[in-house]
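K.L.:
Please read through the structure below; I'll follow up with questions.
The values are calculated or read from the model by the stated rules, or taken from the named source; none is laboratory data. Predicted, not measured: the structure shown is a model, and the values here were computed from it. No Cβ is skipped: glycine too gets one built from the backbone with ideal geometry, and neighbour counts run over all protein chains shown. Just so you know, the surface numbers come from the protein's heavy atoms only, side chains and all, with ligands and any DNA or RNA stripped out. Shrake-Rupley method; radii C 1.70, N 1.55, O 1.52, S 1.80 Å.
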Amino acid sequence: MFLQIINLILDVATGLVGGACLMRLVMQWQRLPFQNPIGRFVFAVTDWLVMPLRRFLPALGRLDTSSLVAAWLMKLSHVTAMWILGGSQAAFLGILVASLFGVMHWLVSGLSVIILLYAILSWVQPNSGSMMLLSRLVEPWLAPIRNVLPQPGGIDLSPLVLLLILQIAGMLLAGLQHGGF
């Protein structure tokens, strides 16, 4: 039980910082402004880790490699700590791979939450400032689905289809992450 408590605490702490790093990555990739409460939060939570990495890791076009590596380092620290505390016999290469799948799982989970928020806000507050930010985050993911999927009765089912795809991807990634040991 002690190990489960430690795992939960590490999962929340590394998930918060790692998720913020991924949000920073996506917001910079989408060229979204950071002059909003979400952007300020992301900078406050990630600057201590991302800024030193920028000295060594240049961006690749619009891809902020330092934010991506920072997220991976957070997941790696969590997986490594649990590996040490659990006395696992897994090879360190397995930990590196499991951490990579863990970051991809964070991306899928984070996008799922953003899609859910987008769908809910589109019904209750379609003209809010938060909706504009969420819309810019999700449109690149929804547009290909909208191009293929008809809108029966004028209802946009693309968020539901994307959530289904993300849930399947999340299940696969979770299996790969835990199978990496």
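K.L.:
To the nearest 10 degrees, how steeply does helix 129-148 sit against the main Cα axis of the chain, on a 0 to 90 scale?
P.N.:
Between helix and principal axis, roughly 80 degrees.
K.L.:
For the residue pair Trp48 and Ala143, what label-to-label distance in nm results when each label sits 7 Å from Cα along the Cα-to-beta-carbon direction?
P.N.:
About 3.8 nm, to one decimal.
K.L.:
Can you bin the stretch 87-162 into rounded, prolate or oblate? Criterion: square roots of the alpha carbon gyration tensor eigenvalues sorted a ≥ b ≥ c, rounded for a/c under 1.5, prolate for a/b above b/c, oblate for the rest. Show your work: numbers first, answer last.
P.N.:
Values: a/c = 3.64, a/b = 2.30, b/c = 1.58.
Because a/c hits 1.5 or more and a/b exceeds b/c, the stretch 87-162 counts as prolate.
K.L.:
So, in Å, what gap is there between the alpha-carbon centers of the stretch 35-102 and the stretch 1-15?
P.N.:
17
K.L.:
Moving on. For the chain, what is the charge dipole size about the Cα centre, in debye to the nearest 20, if Lys and Arg each add +1 at the Cβ and Asp and Glu each add -1 at the Cβ?
P.N.:
So the dipole magnitude of the chain works out to roughly 380 debye.
K.L.:
Hey, another quick one. Kindly list the residues of the stretch 99-134 that lie in the label zone of Leu176, defined by a backbone N under 20 Å from the point 7 Å along the Cα-to-C-beta vector.
P.N.:
99-113
K.L.:
Roll a 1.4 angstrom probe over the protein heavy atoms and tell me the percent of accessible area of the chain that is carbon or sulfur. Display every interim value, and only then the final one.
P.N.:
Details: 7720 of 10480 Å².
With neighbouring chains kept in place, the figure for the chain is 74 percent.
K.L.:
Label point 7 Å out from Asn36 along Cα-to-Cβ: which residues of the stretch 110-128 have amide N under 15 Å?
P.N.:
114-122, 125-128
K.L.:
Excluding Trp29 itself, calculate the net charge of residues whose Cβ lies under 10 Å from the Cβ of Trp29, where each Lys or Arg counts +1 and each Asp or Glu counts -1.
P.N.:
+2
K.L.:
A further question on this structure: Put +1 on the Cβ of every Lys and Arg and -1 on every Asp and Glu Cβ in the stretch 23-97; which of Leu53, Leu85, Leu73 then has its Cα farthest towards the positive end of the dipole?
P.N.:
Leu53
K.L.:
Separate question: Just to confirm, what accessible area per residue do you get for the chain at 1.4 Å probe, in whole Å²?
P.N.:
Each residue of the chain exposes 58 Å² on average to a 1.4 Å probe.
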